[in-house]
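The structure under discussion appears below in the form of structure tokens.
The values are calculated or read from the model by the stated rules, or taken from the named source; none is laboratory data. This one's a predicted model, so the numbers in the text were calculated from it and none came from an experiment. Neighbour counts run over all protein chains shown; Cβ positions are idealised from the backbone, glycine included. Protein only, heavy atoms only, side chains kept; ligands, DNA and RNA dropped before computing areas. Shrake-Rupley method; radii C 1.70, N 1.55, O 1.52, S 1.80 Å.
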Amino acid sequence: KHHRRVIQDGGRIGTGIVKGPFTEASRTIVAYKKSMPDEMGQAQDITVVEVKEHLQPAAKHVSPWKVYPDPSCGENIQDGESIWEECDMGRSAVQKLAKLPGYSKRAIADILRQDPMRMTETTKEHEQLSDGQLSKLPYQVWFFYCTMKREDFDLIQNDMNEPMELDKELSDVYVQGTIINDQIIHLVQQPNEKTGAFPYHFFNWLHREGSCWGIGIPEQGMPAQRVINAAARREFDNAGYSAGMQLLLDLESIEPIPVEGETNNLKIQAIKLWRKKVGATASDMRQAMHAIQFPNAHAQLSWIIEFGIRLFEEITNIPLVTQGWSGKTTPDTLGATELQNSNANQMLRDVAANDDYGVIVPFVKQLYEWLMLDDTVPIEEKGDIKIFARGS
């Protein structure tokens, strides 16, 4: 489900983001039969229900509008110094953070006694809200991953009364943390403390030179879309004009019969009465009124729209045959059909390769690093692996 939304974001705005692996508290309910003696001392089977909570690695889709990588990262976010994610959480979701390792329960309890603070307001809706209305909004939570100096890390840990032992030779520390209401509630060393890789993986529909943000289908097809929009608007305007008419009137020969409350009504109406003016010399009253039809250019404008659609296909390299479209060029034989489908899917295979190397490979690699660092995993399940993504 999450990966499908990532691909949809990539096609729509150019970039889709997967976050993971990150720590998530999971609850498992186990029911089993247990033999217990009754009051008479006889054994009887009873059903026992146990709720077990454990931590596990998880992944989720993240909106690209909520993620802020280091602007100097270039094409790879891992080359940047930090990355931030903004997320809205209700009171219950904030309270659940206390179950995760590294979170300060005291700090979370203090925050839940406060009203939510909005550190950034980027929408007009928020700007129009009063302080009382803002206090009813969800908490604005900031997750960050960055490199921090050792002395700064120790200072914050001591302030949170949760010091952590670090390698004394380290000058910089790869950390991850959480901020709510301008207060740090979570600051720990990243699980992969040797590499400090960020748990965010970017899928770009089309590569953009020098940027970690990709190019989506709408941006690719923008020139063709302008052609289609302009022709469609003109066709609608022309359809409205051609549905009406232009009237040529000889007002020296005829005049509308006045209606109560109106003296000289020249509005076009379905039913209307006209009369010959006194002293008019015209013998045929039909010559005093002539209707001219506005020309209809539907055929010419429709051809421009069809041209824009073909141009969109060529620019985005997504032919309509990939959407199940069939027309005059549809092959009649199986071999020709397979060849056409193979050619039509060439671009989609390139997109799948971007997904392979942008999301699948780094995510699985970090997930396996998580397994390697987990002390609860048996040693025989650990070893060296090499990932071969086959999505394309």
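Of note:
- Per residue, the convex hull spanned by the alpha carbons of the stretch 185-245 comes to 160 Å³.
- Unit Cα scatterers, Debye sum, the stretch 168-290: log10 I(q)/I(0) for q = 0.14, 0.20 Å⁻¹: -0.90, -1.16
- Fully extending the segment from SER171 to VAL364, taken as 0.36 nm per residue of separation minus the present Cα-Cα distance, adds 66.6 nm.
- Note on the stretch 1-64: the C-alpha convex hull projects to 6.0 nm² when averaged across all orientations.
- Here the chain has 54 percent of its accessible surface on carbon and sulfur atoms, given a 1.4 Å probe and all protein chains in place.
- Hypothetical label at PHE236: residues of the stretch 277-301 whose amide nitrogen lies under 18 Å (7 Å Cα-Cβ projection): 297-299, 301
- Approximate spin-label separation ILE257-VAL278, in nm, with each point projected 7 Å along Cα-to-Cβ: 1.8 nm
- Of the trypsin sites (Lys or Arg not before Pro) found in the stretch 1-92, those in coil by DSSP whose Cβ has at most 10 other Cβ atoms within 10 Å are LYS1.
- Legend: distances between Cα atoms for LYS34/LYS365; LYS52/LYS149; LYS149/LYS386; LYS19/LYS382; LYS19/LYS105; pairs beyond 31 Å are LYS34/LYS365; LYS52/LYS149; LYS149/LYS386.
- For the peptides 176-184, 288-296, residues were scored by their other Cβ atoms within 10 Å and the scores averaged per peptide; the highest-first order is 176-184, 288-296.
- When the chain is treated as a Gaussian network with alpha carbon springs shorter than 10 Å, the biggest mean-square fluctuation among LEU187, LEU247, LEU266 belongs to LEU266.
- Gaussian network model of the chain, springs between alpha carbon atoms under 10 Å - residue of MET285, MET40, MET372 with greatest fluctuation: MET40
- Build a GNM of the chain with springs between Cα atoms under 10 Å apart, and of GLN269, GLN246, GLN140 the one that fluctuates most is GLN269.
- This structure gives log10 I(q)/I(0) by the Debye sum over Cα atoms at q = 0.07, 0.08, 0.10 Å⁻¹, computed directly, and of (1) -0.38, -0.49, -0.73; (2) -0.54, -0.64, -0.85; (3) -0.61, -0.71, -0.90 that value is listed as (3).
- The heavy atoms of TRP303 present about 150 square angstrom of accessible area, all protein chains included, probe 1.4 Å.
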